[in-house]
Each structure stands twice: as structure tokens, then as C-alpha cells.
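First up is the structure itself, then whatever we jot down about it.
The values are calculated or read from the model by the stated rules, or taken from the named source; none is laboratory data. This structure is a prediction, so every number in the text was calculated from the model and none was measured. Note that each Cβ is placed from the backbone with ideal geometry, even for glycine, and that neighbours are counted across all protein chains shown.
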């Protein structure tokens, strides 16, 4: 069986429109630009001037035949085609670097997993991250603090492998799977009347000032809590300030300025606060694993499978769990 010469085969694969060839450095520059979304910073990382980086990206676009980067005077963003292209381009660059390291007898770079987390959701997923890390100590897990809307954008363009949260609607670029149904409750100071109760009635929250999550970070959680209150016939009185971290929220609760509606997984956030569940009839909050619908990484799949196993082992999605408590 005859084979094509190496350079001919490369051209056939990398030059689908018969114009300029795609070069590895162009892919590398494009990946860096996609990570920085700024020509100056990306050029500095690659030790070239911004105009040279821009020229190479433009040549890549001509070779591919589509616009990959949307450039304006105020911002740089990937086009939908660029976001799809980035996933494959990053894998090509990583594979070439791996091949070079093997050829030179060098130690391979540690595998990485990039996980998007919410401050309020970290404790829900912490057992999953620990289990994966224990099974694969060589794996570098990078946690990125981001709300679900931002996680979806990072997943779509390949800058994130897995997200954690509640996907409020359908997204063709993201697959979601519930791994934990978390009872909802309130965090209060030890001296608060709720601290002596077994359960707190949702209707009792009518007379409380309720602190919700930062709207930019967790709009889907706030919507869930608001719907629980509306189902009980009222809309809660909301704390007029805002916080972006759970630690700051705890401080406001300790001052007696509000109560914090939170999932059970956050119950141990402070030894000075008491978590009490809402009435068992209240729906539990669904935490989901979010990952790319197309070409998920090996480690994303590993994390999802680990979450499924722990959910079964620990009964995280057991519908009878609330009723028995």
C-alpha cells in the first residue's frame, strides 16, 4: 500500500481550502490569545510584538476559511467558530508538546483538570474532587471561581473542563447531569429562635431579612430560593447589600443583620452558626456536573463518573432521604 510523503499528508490535513498552510505556531498563538483575550498580553506571553501575533492569527483565519476572533477597539472575543476551533487547537498543541517531551526523554507535564466552582457549591463537590485526587495524585486540579453563566462560556471555548452548578436552561454546548440533591435550610446564630427547631417552615421566612447569593455569581440559586418562597405565598424581604463570598455572608449573619438560605453542604461553614433545614416538603437544590457536549476531556469524564459513584454510595439523590429526616 502506497503512502503520501509526510509533507503532502500534512498539507492535505491542515490545508482544507487549498490556501495557506496552518502552522503549529499559529495554533499556539491562537490558543494563547483565546486564554488572554488581549493581544498585548498574549504577545508578551509568546515573546513577540502584538502586530506579529495579530498577523499570524489572520493567516490562520485565512487558512481555516472562517473568522475566529472578533476584534473591536474595546475588546477581543472568540467567534462561535473560534470557540469550536479552540477545543481542537488546544488538544493539537498539547499533543505536540507531549510528543516532543517523549522524544527528548523528558518528564511529561502533569495532566490537568480545570474545574469551575461556586463559593456556595464548593462543599457539595469537595468529596468528588478529593476522591479523584486520591485516585490520581499526579493530576493537577485547577479550581476556577466562576458563576454558572461564566462557567458555560468557559466550557464552550475550552478554557474549562467541568463546571459545578445548576444549569437553568438548555444549552447545546453543555451537558448537565445532577449528582447531588441538597436539602435547603437557613444558617442562623446559635441564639436565634430557629436554632432550637428541627425544621424551619418556609412561611416563617416571611418575617426575616434574607441574604441571597451574589446575583452575578449564582442567579440560578437565587431564582430557586425565590420560587420556594413564592410557592409559600410571599416574596422574601431581601438584604439590601451584597457579598461575593460565603465567609462575608457568615459575618453578616453573625451580626444579626440577616439569615442566610443555603444548602446542607454548607452547614459546617462556621462553628458559630447553626444550620436548620426547611420543611421536608421543600424541593432539594440540584447540583449538576457541567461539561462540554462535544469532545470532553478524559479527566472531565473521570470526574463525572466519580460523582455518579459517590452519589450512589452516599445516597445524594435518594428521594426518601428528606422524608426520613
Scanning the range 182-205 for residues that are out of contact with any helix residue (DSSP H, G or I) (no Cβ under 8 Å at 6 or more places or on another chain) and outside any loop (DSSP other than H, G, I, E, B), the one surrounded by the most Cβ atoms within 10 Å (Cβ to Cβ) turns out to be 195
Residue check, residue 86 outside any helix (DSSP H, G or I), touching a residue at least 40 places away in the same chain (Cβ under 8 Å) and crowded, with 19+ Cβ neighbours inside 10 Å: no
Of the residues in the range 216-234, those that are in contact with a helix residue (DSSP H, G or I) (Cβ under 6 Å, 6 or more places away or on another chain) and either surrounded by fewer than 15 Cβ atoms within 10 Å (Cβ to Cβ) or more than 17 Å from residue 283 (Cα to Cα) (or both) come to 234
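Give 17, 76, 31, 69 a once-over and let me know the one that is at negative phi, at pLDDT below 90 and in contact with a strand residue (DSSP E or B) (Cβ under 9 Å, 6 or more places away or on another chain).
Details: 17 fails: in contact with a strand residue (DSSP E or B) (Cβ under 9 Å, 6 or more places away or on another chain); 31 fails: in contact with a strand residue (DSSP E or B) (Cβ under 9 Å, 6 or more places away or on another chain); 69 fails: at pLDDT below 90.
Criteria check complete, one pass: 76.
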Among (1) assigned by TED's automatic domain parsing to the domain that holds residue 299; (2) more than 18 Å from the chain's Cα centre (by Cα); (3) in contact (Cβ under 8 Å) with a residue 60 or more places away in the chain, residue 118 falls short only on (2)
Across the range 33-47, the tally of residues that are under 18 Å from residue 22 (Cβ atoms) and over 29 Å from the mean Cα position of the chain (by Cα) stands at 0
If you go through 117, 132, the only one that is in contact with a strand residue (DSSP E or B) (Cβ under 6 Å, 6 or more places away or on another chain), crowded, with 18+ Cβ neighbours inside 10 Å and more than 19 Å from residue 86 (Cα to Cα) is 117
Check on residue 229, in contact with a strand residue (DSSP E or B) (Cβ under 6 Å, 6 or more places away or on another chain) and farther than 23 Å from residue 130 by Cβ
no
The residue that is modelled with the lowest pLDDT, considering only those in the range 206-246 that are within 22 Å of residue 270 (Cβ to Cβ) and in a helix (DSSP H, G or I), is 246
inquiry  = It is to be established whether one or more residues within the range 261-269 are within 20 Å of the chain's Cα centre (by Cα) and assigned to a strand (DSSP E or B).
reply    = yes
Here the residues within the range 294-306 that are surrounded by 14 or more Cβ atoms within 10 Å (Cβ to Cβ) and out of contact with any helix residue (DSSP H, G or I) (no Cβ under 7 Å at 6 or more places or on another chain) are 296, 297, 299, 300, 304
